[in-house]
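A quick write-up on the structure given underneath.
The values are calculated or read from the model by the stated rules, or taken from the named source; none is laboratory data. What you see is a predicted model, and the numbers here were worked out from it, not measured in a lab. Note that each Cβ is placed from the backbone with ideal geometry, even for glycine, and that neighbours are counted across all protein chains shown. For accessibility, only protein heavy atoms count, side chains too; no ligands or nucleic acids. Shrake-Rupley method; radii C 1.70, N 1.55, O 1.52, S 1.80 Å.
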Amino acid sequence: MRVLRRTHLRTLLLAGSAVVTLAGLAATVGALLVSGALLRDLRRGTEATLEKWARADRVREGVYAQISEARRHLEQPDAWGPQRFRRHGTQVYEEIRLHLFQALSREERVQVEKILELHERLEVAARPAFDLAWRGDRGAAWMRSEAMFRYAAALEDATSELTALGLKDHARLQEDLASTFRNVQAAIGLLALLLIGAFVGAALLLMWRLSPLAALAEATRRLGAGDLDVRVQVKAEDEIGEVARSFNEMVASVKRTQRDVDRRNRQLSRTVERLKRTQQELVEGEKMRAMGVMLAGLAHELNNPLASVLGYAELLRDELPALGDGRPLELARETADPLLAEARRARNLVRTLLEFSRKPAEGPEAVDVRPCIEAVVALRRYVLSQEGLRLDVDVPAELVVRADRVQLQQVVLNLVNNAFDALRAGGGTGVSIRARPESARWVRLVVEDDGVGVAEPDRVFDPFYTTKPVGAGTGLGLTLVRRFVTEWGGTITAGNRPQGGARFTIRLPRASRQGAVEGAGEPASASGTGAAGSAADAPGSPAPASAPCRVLVVEDEEPLLRLQLRLLSRLGLQVFTSSAAVDARDFLAREDVDLVISDVKMPGELDGLGLYRWAAEARPELAERFLFVSGNLHDPAVSELVAAAPDRFISKPFEVEEYLARIRAALA
Amino acid sequence: MVGVVMRGGGTAARLALQDVQATGGAQLRLWVFTGSETTSRREAVAVAESLAADPRVVAVVGHTNSPASLAASQFYNEHRLPQISPTATADLYSAAGPYSFRLVPGDRRQAAFLAIHVARLRPRAQVAVVYVNDDYGRGLRAGLVRSLAELRVRLVYEAPFLEGGGENRELSDFASLAEGVGYAGADVVLWLGRWPELEVCLPLLRQVSPEILVFASDGVESDPVFHEAGGRFTGLRFVRFVDTHAEDETLGALRRRYRMLSGRELTSQSLLAYEAIRLVAEAVRAGAQSREAVRTYLNSLGRTRPPYQGVSGAIAFDRNGDNVRPYELAVVTPQGFHPLAASQ
C-alpha cells in the first residue's frame, strides 16, 4: 500500500491514459477492420452467389436449347440436328465446368459434378433417339427420347438444388457475418463498458487524489489575496503531499518575511521621516548658507562704499561748521545728519546680514540663564524706563541650559527689543522675562508683553518678515533667534496671551554646571544687533605730542584709502599709503613703520593676511604692529585671527571716532 | 506424406518407395488410394478434401483420369496442395490452378496426332468418332473434330458413351452405337475412351464392318489390351506416352519388377505414376518440407534447376504445369504392343 501511495501519480495517470487510449484506438481500428472485412466478405459472397445464379440460369438455358433441338430433330430429322444438339451441349458443359474455378462449398462441388453427370447422361441418352429418328423410326425415337427428357428434368432439379445450395451458402455466410458482427458489437460494447468503467474509475481516482490539489489551489488563491495564515491539510505521502507541505513551509516563510519586511518598513519610514526632516533642514540650511554666502559677499561689497560714505559723512558734518557761520552747520545738520543716519542704518543692516550668514558656533555649552538675562536687562532697562515701560524678570539662580552664551543674550535682547518696539508703537505697560525648569530635561523661558500682540504668529520667524515701518527693522532678528534656539536643540513658539500681548516661549535643554557661565560680559563688538557701539573717543582728539609715528595704510579701495589718510592726518601721523599689498611688502622690506593698517581682502597675488604672514616671517617685530580693517570679521579666513586678537580688527564701515580711538590705542 | 490416388497405383507406389529408400532418399510415407475414388468425380472430391485437410500431406499423385483429376484439383488449389496427375490429358486441367501439374500434354496435341495418322493411313476415310462423354472424351473429341476438318477427313458419325456398368452401360447401348456407325458408313472409328468399353464395343463394330479400322486414344493402354484379350484388340492402333518395352536397362528392370509385384504389364500410366512419386521424393530430398516448397521445386525444374531425369525421360513443367512429352502410335499385335510412329 505504501508502495502504491508512493507511486508517481503522473506516471499512473499517463500509463492509464495511454492504456485507455490505445485500447480505444485498437478497438476502433479493430472494429473498422472487422467491419470492412465483413462488408467485403458479404459483397464478395453476394457477388459469387449472383454469379452462381447467373451460371445456373445459363446452364438451364443451354439445356433448354438442347432439348428444343432434340425435339426439332425428332420431329424433323436433319443431318445437322445432332451437331446443333452437341454444340448446345458443349456450351452447357463449358458453363458447368466454369464452376470448377469458383469458390464453392463441398456440397456445391458435389452438386456440380452431379449436374455434369446428368448432362453427360442426357447427351448419351439422346444419341439412340437421334439415330432412330434419322432412320425414320420416329415412334421408336420418341420412346427412346424419354430417358433424355427425364435426365433433362433431373438436370433442372439439380440446377435448382445448386442454386438453393448457393442461397443456403449465402444465408450461412450472412449468418456467419451477422454472428461475427454481433460478436464484434458485443466486444465493442464490452470494451465500451470497460472504457466507461476505466473513465469512471480514473475520474474517481483523480477526484480522490486531486481533491488535495483543489485544497491547494484554494489555499494558493487565499494566499494571493493576502491571507498568510492559510495552511493546507494534506496527509498524502505522494508528490501532492510533498507539494502541500512545501506550500505550508513557503507560507510560513512568507509570513516571517512579511513581518520582517513590515518591521523594516517601519524603520525605513522613520528613517525616511528623519531623512526628510534632515533634508529639509539641510535644504533650509543650504538655502540659508547660500543666502549667507551671498549676503557675506554682498555685505563685504557694501561695507567698502559704506565705509566711505560714513567716513565722509562724518567729515562733512565735522568740517562743515568750521567753514563759517551757522549756515554750514545748518547744512551739516540737514544733509550730513540724515546721511550719517542712513549710512549707520545701512551698516547695521549689513552687520545683521553678516550675523545671519555667520556659520554656527562650534557647539552649545552649559550657560547659566540668569546672568545672560541680567546683562540684557542692564542694557535695556534704562531705555524702557525712559518710555515708562516695565521690565520684569523672574529667573532663578543656577538655572543652567545648553546654549551659546553670547547668542542667548542676543536672543533675549531681540525679543526684548521687539517687545519694546511693539509697546512703544501700540501701547502697553511692560515686558516680562520668566524662566523655570519645565522638567528634568527642559527649561522654559518666556518673554511676553501686554502690547498689541503678534499679527501672524506662524510667520514671525520667516526671514525678512517685519511689521515695523520701512527702515525700522531688517526682518531677520526673529529668524536668527529661531536658528540659534534650534541649533541648541530647543524650540521656540510665538503666540498671543489670552489677555492680550505677545508671548514667546523658548524650551531649552537643561545642562550640568560644567563651564558655568560668567556674567554678562561685554558683547562682542562684531555681533549684537543694534548694540550700542563701543564708546568712542570724542571726535577731534589731539594726536600724541612725540615725533610723528609712521603709519602705512594698505587699501585697494581708493576712496577708503583717502578717507583713512584724511583721518590719520588729524592725528599728526606720517602716513604712507599703498593700494596693493605687494607694493606694501616691498616698502616694508626697506622701511620701518610704527603701524600698518591694512585691508584684509585685496586683489592680486598678495592680500592683507598674506602681507601679515610675510611680516611674521620676515619682520616679526612688524607683525606686532598690524591693524586690520575688514568688511567681514566672520570670514573664515580671518575668524581665527579675530578670535585670537580681536583688538587688531576694525570693522567696516567704521565710525570716525571709533577708528581714531583704535589707531591711538594701537600706537599707544 | 504423399497422397497417391491412382488405379493400380499401389504397385507403382511400392516400387517408387523401394527405389527412394535404396538411393538414400528422403523418408517418405505414402497414403495410397486405388478404388473408385481414383476415377469417380464425386468420390474424388471427398478424397481430395481429406487429403487437403491433412497437414502432413505435402503432395498428391493422381487422380487416374481427367474428370477425377479436374474435380479434385479445386480442393488442392484452395488448400495450396501440389497435385501431379500422371495421365490427365483434358485441356481444361491446364487452367486448374498453380498447384496442378501433370506429366503429359493436353488433348489438343493428341487429337491432332490421331487425326494426322488417320489421314495418312486412310486419306479418304469416313470417320466415326466414339467418345466417352466426360472431360477426357469431350476434350479429345472437340480437338479431333477440328483436326479432321482441317485435314479434310470426313466425319460421318459421332456417338458419346458413358463408362461404367449399370445405368451407364445401358444408356451407352453399344449395339445401337455400332449400328449407327455402320449405318453412317464409317470405315474408321476413332475411339476416345478406355479399354473396358472398347472391349465390349469392338466386336460389335467388327460385326457391322469387319474391315473397320479402329484408332484409340491413350486411355486404352492397359495390361488386358497388352495381352490382347483373346485377340480382340489385335490391329488396334492407339496412342501411348511411353514405350515401356523400349530397349532401356532401367526401364526393363522396372518393368520386370512391376510384373513380378503385380502380375501385370507396366503401362504408361503406371510408369508415370511411379515417376510422379519419385519426383515428389526428389523434391523432399532437396529440402522441400512444405507444400509450398514442393510446388516451388516443381516449378523450378527446367528453369532454375535442370529437368528431372526420370525413367521415362526428362521432366519439366511449362507455365501451365504441363510436362510436354512426345506421343507414340502403337499397334496391338499377338506379340504385344508394336510402335508405329512417334510425334516430334
Cα-based helix-to-principal-axis angle, B:135-150 vs chain B, degrees rounded to 10 = 50
Amide proton proximity set for residue A:496, modelled H, under 5 Å, gap of 5+ = A:503
Label-point separation in nm, residue A:444 to residue A:645, each point 7 Å along Cα→Cβ | 5.0
Any idea of the accessible area per residue across chain B, 1.4 Å probe, to the nearest Å²?
-> 38
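Estimate the FRET efficiency between residue A:47 and residue A:26 by the formula 1/(1 + (r/R0)^6), using the beta-carbon distance for r and 30 Å for R0, to the nearest 0.05. Walk me through the numbers before you get to the answer.
Values: r = 31 Å, r/R0 = 1.03.
For residue A:47 and residue A:26, the calculated efficiency is 0.45.
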Residues whose placed amide H lies under 5 Å from that of residue B:131, excluding near-sequence neighbours = B:159, B:161, B:192
Whole-Hz Karplus ³J(HN,Hα) for region A:249-256, in order, using 6.51 cos²θ - 1.76 cosθ + 1.60 and θ = phi - 60°, x for Gly and Pro?
-> 5, 4, 4, 4, 5, 4, 5, 4
From the cross-link list A:468/A:652; A:276/A:601; A:276/A:468, which pairs have alpha carbons spaced over 28 Å apart?
-> A:276/A:601; A:276/A:468
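Nearest 100 Å², what total accessible surface is buried between chain B and chain A (probe 1.4 Å)?
Numbers: alone 14400 and 36660 Å², together 48080 Å².
Adding both sides of the contact gives about 3000 Å².
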Could you run the Karplus curve 6.51 cos²θ - 1.76 cosθ + 1.60 with θ = phi - 60° over region A:30-45 and give me ³J(HN,Hα) per residue in whole Hz, x for Gly and Pro?
-> x, 4, 5, 4, 4, 4, x, 5, 4, 5, 5, 4, 5, 5, 5, x
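Please give the calculated 222 nm ellipticity per residue for the protein assembly as shown, where each DSSP H segment of at least 4 residues contributes -39500 (n - 2.57) and the sum is spread over every residue; nearest 500 deg cm²/dmol?
On the way: 29 runs with 572 residues, N = 1012.
The helix-only estimate for the protein assembly as shown comes to -19500 deg cm²/dmol at 222 nm.
Considering the convex hull of the alpha carbon atoms of region B:1-125, report its projected area averaged over all viewing directions, in nm², one decimal. Present the calculation step by step, with values, prior to reporting the outcome.
On the way: hull surface 36.9 nm².
Result: a mean projected hull area of 9.2 nm².
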Label point distance in nm, residue B:146-residue A:624, each placed 7 Å from Cα along Cα→Cβ = 17.0
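Output the Kirkwood hydrodynamic radius of the protein assembly as shown, Cα pairs only, in Å rounded to one decimal. Provide the component values of the computation, followed by the final result.
Details: mean 1/r = 0.0227 Å⁻¹.
Result for the protein assembly as shown, one decimal place: 44.1 Å.
What number comes out for accessible area per residue over region A:93-197 if the probe is 1.4 Å? Units Å², please. Mind dumping the intermediate values first?
Values: 4860 Å² over 105 residues.
Accessible area per residue, region A:93-197: 46 Å².
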With each label point set 7 Å from Cα along the Cα-Cβ vector, what nm distance links residue A:594 and residue A:208?
-> 12.4
Phi angles of region A:558-572, converted by Karplus (6.51 cos²θ - 1.76 cosθ + 1.60, θ = phi - 60°) into ³J(HN,Hα) in whole Hz with x for Gly and Pro, give 4, x, 5, 5, 5, 4, 5, 4, 5, 5, 5, 5, 4, 8, x
Which percent of the accessible area of region A:132-248 is formed by carbon and sulfur heavy atoms (probe 1.4 angstrom)?
-> 65
For region B:223-266, give the percent of accessible area contributed by carbon and sulfur heavy atoms, probe 1.4 Å, rounded to a whole number.
-> 47
For region A:210-235 and region B:99-178, what is the separation of their Cα centres, given in Å?
-> 104
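Under the Kirkwood approximation applied to all pairs of distinct alpha-carbon atoms, what is the hydrodynamic radius of chain B in Å? Provide the component values of the computation, followed by the final result.
On the way: mean 1/r = 0.0494 Å⁻¹.
About 20.3 Å, per the Kirkwood formula over Cα pairs.
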Sketch the reach of a paramagnetic label on residue A:187 as a point 7 Å from Cα along Cα-to-Cβ, and name the residues of region A:9-35 whose backbone nitrogen lies under 14 Å away.
-> A:23-35
For an R0 of 41 angstrom, estimate the FRET efficiency from the Cβ-Cβ distance between residue B:18 and residue A:102 and round to the nearest 0.05.
-> 0.50
Per residue in region B:156-181, which ones lose no less than 20 Å² of accessible surface when going from chain alone to all protein chains (1.4 Å probe)?
-> B:157, B:158, B:160, B:162, B:167, B:168, B:171, B:173, B:176, B:179
Sequence-distant or interchain residues sharing an amide H contact under 5 Å with residue A:553, placed H: which?
-> A:576, A:577, A:578, A:597
Could you pull out the longest piece of chain B with no exposed loop GluC sites (Glu not before Pro) in it, calling a site exposed if DSSP puts it outside H, G, I, E, B and it has at most 13 other Cβ atoms within 10 Å?
-> B:1-210
Would you be so kind as to list the residues of region B:18-44 that have their accessible area lowered by at least 20 Å² in the full protein complex compared with their chain by itself (1.4 Å probe)?
-> B:41, B:42
